[in-house]
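Dropping a structure here in structure tokens format, bear with me for questions.
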Amino acid sequence: MVAWRGPVGIIRAVMAGLRPFLLACLAGALWLAGCSAPSGLDGTSPTPALPPSTSTATPAPLAALVNGEGILLADFEAEVARFEAAQAALGIDLATLEDYQGQVLQALIDRRLLAQGAQAEGMSLTEEEVLAETERLALDLGSADAFEAWMAENSFNIESFTRGLKEDLLAAEMVARIAEGVPAETDQVHARHILVASREQAEALRDQVVAGTDFAELAAAFSLDLSTRPAGGDLGWFPPGYLTTPEVETAAFSLGPGETSTVIESSLGFHIVQTIEREVRQLLPDALERLQESAVETWLAEKRQASTIEILVAP
């Protein structure tokens with residue numbers, strides 16, 4: 001059974017390279033499990049053509065409209081079924097998940113927005129290119145029998161596969177283009193902090209720092225942040241948008257080297273922050289990936305706001 005992941009899955013897959021991302025579609029790591037393929041792809045049989053469409057066919061029911069383009073209800077329902085199967089395989093009770101159907105639909109909408117963005121920037125794929133990639137992916141699975149078994153297990157057909165694969169490819173290209181826009185070098189600070197449970201304790205510790213007590217020694221003795229406590233509260237080098245506690249990050253960038261903040265409150269507790277160094281420097285791989293993911297999520301948020309999105313299924 002194919003695993004199910006949200007938009008971050010496609011972002012991370014693209015960071016690792018487009019081809020591994022496509023192979024993940026068949027291996028079970030695609031962000032949306034919208035993959036299928038034709039039977040008979042064993043390296044010798046020709047790829048079957050898509051069935052011809054007719055203008056007289058009854059329009060298929062839709063789950064949503066994204067800037068006038070429909071997301072098929074059948075695709076949405078199949079995606080929900082795969083999500084449910086993936087959760088069951090992990091032993092997760094669906095009753096504990098809040099509005100998972102809405103999350104699945106939002107992921108489909110996000111994929112469509114990324115694909116539309118790619119097309120708006122001049123990226124395109126022909127049906128021949130999609131079918132050629134379909135054949136390569138099927139052969140990568142090992143055999144026609146294995147591929148047919150995979151299709152049967154996941155309830156796919158040639159139409160849904162080529163439709164989903166084309167959108168995945170375009171979305172992946174758009175993600176890669178956004179990620180490439182994140183500079184490899186940027187302004188960063190090297191800072192440390194102490195986290196405690198009360199403002200009173202934080203104020204008392206800050207007074208000791210001001211009086212000359214070593215910040216790192218206090219952090220090692222009192223900080224509740226177990227991930228940085230052994231290193232004297234050292235947060236390492238980080239760029240804007242990297243820390244998961246924005247209050248600490250804002251404080252660090254507001255200070256000069258050697259300066260200590262006032263007491264900072266966050267959802268975790270109360271912090272004292274000290275900036276050690278600041279300079280423009282190369283991003284570490286995990287920081288670059290975090291900023292690339294953030295850039296894609298920001299792009300999506302802006303596109304959602306600017307787009308016309310109509311939900312056609314009941315919540």
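The values are calculated or read from the model by the stated rules, or taken from the named source; none is laboratory data. From a predicted model like this one, the values you see are computed outputs, not experimental measurements. FYI the Cβ positions are ideal-geometry reconstructions off the backbone, even for glycines, and counts take in every protein chain you see.
Identify, please: which residue in the range 88-100 is without any contact (Cβ under 8 Å) to a residue 60 or more places away in the chain and assigned to a helix (DSSP H, G or I) and is, among those, nearest to GLU153 (Cα to Cα)?
Taking the candidates together, the pick is ALA88.
Let me ask something additional. In the range 149-178, what residues are more than 16 Å from GLN116 (Cα to Cα) and either touching a Pro at 6+ places or on another chain (Cβ under 9 Å) or not assigned by TED's automatic domain parsing to the domain that holds ALA74 (or both)?
The answer is MET151, ASN157, ILE158, GLU159, PHE161, THR162.
What number goes with the only condition from (1) farther than 26 Å from ALA63 by Cβ; (2) modelled with pLDDT of 80 or more that LEU114 does not pass?
So the condition that LEU114 fails would be (1).
Need pairs with beta-carbon distance below 6 Å; first residue in contact (Cβ under 8 Å) with a residue 60 or more places away in the chain and closer than 30 Å to VAL280 by Cα and within the range 183-210, second part of a helix (DSSP H, G or I) and among the small types (Gly, Ala, Ser); sequence gap 6+ or separate chains.
Pairs that qualify, where the first residue is in contact (Cβ under 8 Å) with a residue 60 or more places away in the chain and closer than 30 Å to VAL280 by Cα and the partner is part of a helix (DSSP H, G or I) and among the small types (Gly, Ala, Ser), are VAL189/ALA252; ALA191/ALA252; ILE194/ALA219.
Six or more apart or on different chains, Cβ under 7 Å: which pairs go from a residue in the range 242-253 that's in contact (Cβ under 8 Å) with a residue 12 or more places away in the chain to one that's assigned to a loop (DSSP other than H, G, I, E, B) and not basic (Lys, Arg)? Could you list them?
THR245/LEU268; ALA251/SER261; PHE253/PRO240
Just to check your reading of the model, which residue among GLY241, GLY236 is within 26 Å of ALA184 (Cα to Cα), in the same structural domain as HIS190 (by TED's automatic domain parsing), in a strand (DSSP E or B) and out of contact with any Pro (no Cβ under 8 Å at 6 or more places or on another chain)?
Sole residue among the options that is within 26 Å of ALA184 (Cα to Cα), in the same structural domain as HIS190 (by TED's automatic domain parsing), in a strand (DSSP E or B) and out of contact with any Pro (no Cβ under 8 Å at 6 or more places or on another chain): GLY236.
Looking at (1) at pLDDT 95 or above; (2) surrounded by fewer than 17 Cβ atoms within 10 Å (Cβ to Cβ); (3) of a type in the set (Asp, Glu), which is the only condition ASP225 fails?
Only one criterion is unmet by ASP225, namely (2).
Something else now. State all residues of the range 178-194 that are closer than 30 Å to GLU121 by Cα and either crowded, with 17+ Cβ neighbours inside 10 Å or of a type in the set (Ser, Thr, Tyr) (or both); if no residue qualifies, say none.
Across the range 178-194, the qualifying residues are ILE178, ALA179, VAL182, THR186.
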